[in-house]
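Single-structure report; data block below.
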Amino acid sequence: MKGTILAVDDESNMLALMRMILEDQGHRVIAVQDAESALAELQNLDVDVILSDLRMPGMGGEELVRRVRSERPDVPVIIVTAHGTISSAVESIHAGASDYLTKPFEPAALEIAVHNALKLRQILTENARLKADASAQAAARRRLIGESPRMRQLMTEITRVAPVKTNVLITGESGTGKELVARTIHELGRRDRPWVAINCSAIPRELLESELFGFVKGAFSGATHNRPGRLEQAQGGTLFLDEIGELNIELQAKLLRVLQEREYSPLGSNQVRTADIRLIAATNRNLHDLVQEGRFRQDLLYRLDVYNITVPPLRDRTDDIPLLANAFLRELSAEMDRGPVAFTDEALTALKRHAWPGNIRELHNAVERALLSSTGTRIDSNALPLPRAGAGSAAAAAVDPGGDLEGWLERLEREAIVAALDASDGIQARAAERLGINERSLWHRIKKLGIRVSRRVT
């Protein structure tokens, strides 16, 4: 087991001896003559073990041990001392040193002490990693709220794929939390690396290429300076492409080259750059259908869909709705500086009964509106912005229109269109697909009913 050893001793002969013994064993040795220099080196180098004299001018070995324990508890310190100061060496052990050697020492004794310290360093590093992973997984579970079987399966899939660099395709309806799943994969696997996200439907298609690849000065009219793209910003980390189905065919071909060759060029440049990224893509569309329609490249789909995660809609995990609603209520009430607020049992039952076509996003909005419209400490079902019994659902067929059939039908039509738009992020083409009508017909209905459409960035 080899490592980087930081040797500290004010005697140059002793430093030379330790360097010779340890370098003969294949270790890398950095030698300094005082504790202050050792602490400076510790800030700049990845040191595995410190080998320090006990008695030195200025800061001594025992104080160095305390400082290292405070600043770098993962780095073991071996104290080297003379026979007459063994009791002081023991005190250094109490201060946190991992071992001590007495001068003069045999080369074998030094080798054994350093070997044991390296094993300790390995254990400390692994324990720190395991604790960090456990902490990250706990944080992820706090964000991905739910105890239903579908959510437990989702968390299992996330945990399985997070440590590897495999490309991931996340599918699911709008509003189910696909970006949150992607971010959780990143944080469990590469949380110390860059995270870069881009919504392909939120950027005009003519600008998306320069956004992804960047450009150099003079690449096109208005390119007055070099600008890095999202690929460069994500180097070494994760690039998340939301709504991947919105990429045009030409850009799909260029993205395919990035995934196949792991290289790209900014717009206006012949310089080839390496793309060291993990790609996570998400879509609420069926990419296989788009392939059949000639709107998505099959070879790109194969590259993206190495590991597929489907995020379940809220209607398929109704037992999680109270957990989510209460979590949103706590978060929002804290933001609004409200005191403790709770849902009544009737309100939670009403929330579970709703179909939630807009999924978690719709639930969050409903909780926020209910909180804004209430003044007390309890939120009952009347405060929830949900359709009354039968409205906008199959049960509405049994409701008496009250002598105003046209008005009743218009209300149902409005509710259906608004729900479809909400579930489609305001994108009319998708809403029309959900409703089973063409986009032009939907546009006329929106105009006739005076529905205000706002397209959201997710």
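Here, each number is a calculation from the coordinates, and none is a lab measurement. Every value quoted in this text rests on a predicted model; they were computed, and no experiment measured them. Counting neighbours? That spans all protein chains shown, and the Cβs are built from the backbone with ideal geometry, glycine included.
The length gained by stretching the chain between residue 70 and residue 349 to full extension, at 0.36 nm per residue less their Cα-Cα distance, is 95.2 nm. Of all segments of the chain bounded by trypsin sites (Lys or Arg not before Pro) found in a DSSP loop with no more than 10 other C-beta atoms within 10 Å, the longest spans 1-387.
The share of C-alpha pairs in region 173-281 whose separation exceeds 22 Å stands at 32 percent.
Volume of the convex hull of region 316-365 (Cα atoms only), normalised per residue: 68 Å³.
Residue order for 196, 80, fewest other beta carbons within 10 angstrom first, comes to 196, 80. With helices as the sole contributors, the chain gives -15000 deg cm²/dmol at 222 nm; each DSSP H run of n ≥ 4 counts as -39500 (n - 2.57), and the sum is divided by every residue. Annotation: amide H of residue 82 within the under-5 Å range of 103, sequence separation 5 or more or interchain, hydrogens built in the peptide plane.
Place +1 on the Cβ of every Lys and Arg and -1 on the Cβ of every Asp and Glu in region 4-126, take the dipole about the Cα centre, and give the residue among 29, 125, 68 whose Cα lies farthest towards its positive end. The residue sitting farthest along the positive end of the dipole is 125. When the chymotrypsin sites (Phe, Trp or Tyr not before Pro) in region 192-228 are filtered for DSSP coil states and for at most 10 other beta-carbon atoms within 10 Å of their beta-carbon, the remaining sites are 220. Here the Karplus curve 6.51 cos²θ - 1.76 cosθ + 1.60, taken at θ = phi - 60°, turns the phi angles of region 334-349 into couplings of 5, 5, 8, 6, 8, x, x, 10, 9, 7, 6, 4, 5, 5, 5, 5 Hz, with x standing for Gly and Pro. Projected label points at residue 116 and residue 323, each 7 Å from Cα along the beta carbon direction, are separated by 4.7 nanometres.
Here region 53-77 is scanned for amide nitrogen atoms under 16 Å from the site 7 Å beyond the Cα of residue 19 along Cα-to-Cβ, giving 53. The convex hull defined by the C-alpha atoms of region 23-85 has an orientation-averaged projected area of 4.7 nm².
Over all pairs of different C-alpha atoms in the chain, the reciprocal of the mean inverse distance, the Kirkwood hydrodynamic radius, equals 27.2 Å. Seen against the Cα atoms of the chain and their longest principal axis, helix 61-71 is set at about 10 degrees. For region 4-126, the Cα-based Rg and Dmax, in that order, read 12.7, 37 Å. A straight chain from residue 211 to residue 292 at 0.36 nm per residue would run longer than the Cα-Cα distance by 26.4 nm. Between the Cα long axis of helix 12-24 and the first principal axis of the chain there is an angle of about 60°, rounded to the nearest 10. For the chain, the longest principal axis of the alpha carbon atoms and the long axis of helix 35-44 meet at an angle near 30°. Taking each residue as 0.36 nm, the span from residue 260 to residue 369 lengthens on full extension beyond its C-alpha to C-alpha distance by 34.5 nm.
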